[in-house]
Amino acid sequence: MSDKVLYDYLMKFVGTPYKWGGDDAVKGYDCSGFAIEFLMAAGIAPHGYDASSAQLVDFLKSKGGERTSIPKFGSLVFYGNPINHVTICLLY
């Protein structure tokens, strides 16, 4: 998926409500629900996959994901100790 396609796809969700535990474009997403939407669209996560932010780290490791201190466009960025938040890097 090109950066432009990814960016355009993610921008379609601007204005989507926040909902704790949410995983629906109409009812709302929480941080991990939105990250999973992104992973499903990119073909990384299977349709219907569900996980917390912390569980996403293990899932991505199992898929060969790499940890870096400098995220690049499209990277998932995790916060907290223990991990309790995830977002998508859209900056270069």
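Please find, among Phe78, Phe13, the residue that is at pLDDT 95 or above and surrounded by 10 or more Cβ atoms within 10 Å (Cβ to Cβ).
After applying the criteria, what remains is Phe78.
Just name the residue that is most open to solvent (accessible area, probe 1.4 Å) out of those in region 26-61 that are in contact with a strand residue (DSSP E or B) (Cβ under 7 Å, 6 or more places away or on another chain) and part of a loop (DSSP other than H, G, I, E, B).
Applying the filter and picking the extreme gives Asp50.
Look at Gly74 and say whether it is within 11 Å of the chain's Cα centre (by Cα), on the phi > 0 side of the Ramachandran plot and in a loop (DSSP other than H, G, I, E, B).
Answer is yes for this residue.
From the list Asp23, Asp3, which one is exposed (fewer than 13 other Cβ atoms within 10 Å of the Cβ) and touching a residue at least 24 places away in the same chain (Cβ under 8 Å)?
Going through Asp23, Asp3 in turn, just one is exposed (fewer than 13 other Cβ atoms within 10 Å of the Cβ) and touching a residue at least 24 places away in the same chain (Cβ under 8 Å): Asp3.
Quick check on my filter: what residues within region 1-25 are in contact with a strand residue (DSSP E or B) (Cβ under 8 Å, 6 or more places away or on another chain) and part of a helix (DSSP H, G or I)?
Result: Leu10, single match.
Kindly indicate which of Phe38, Phe78 is more than 13 Å from Leu90 (Cα to Cα) and touching a helix residue (DSSP H, G or I) at 6+ places or on another chain (Cβ under 8 Å).
Phe78
Which residues, taken from region 62-75, are touching a helix residue (DSSP H, G or I) at 6+ places or on another chain (Cβ under 9 Å) and surrounded by 15 or more Cβ atoms within 10 Å (Cβ to Cβ)?
Gly65, Gly74
The values are calculated or read from the model by the stated rules, or taken from the named source; none is laboratory data. Model, not experiment: these values are computed from the prediction. Methodologically, a virtual Cβ is constructed for each residue, glycine included, from the backbone with ideal geometry; neighbour enumeration extends over all protein chains shown. Ligands, DNA and RNA are stripped out before the accessible areas are found, and what is left, the full protein with its side chains, is counted by its heavy atoms. Shrake-Rupley method; radii C 1.70, N 1.55, O 1.52, S 1.80 Å.
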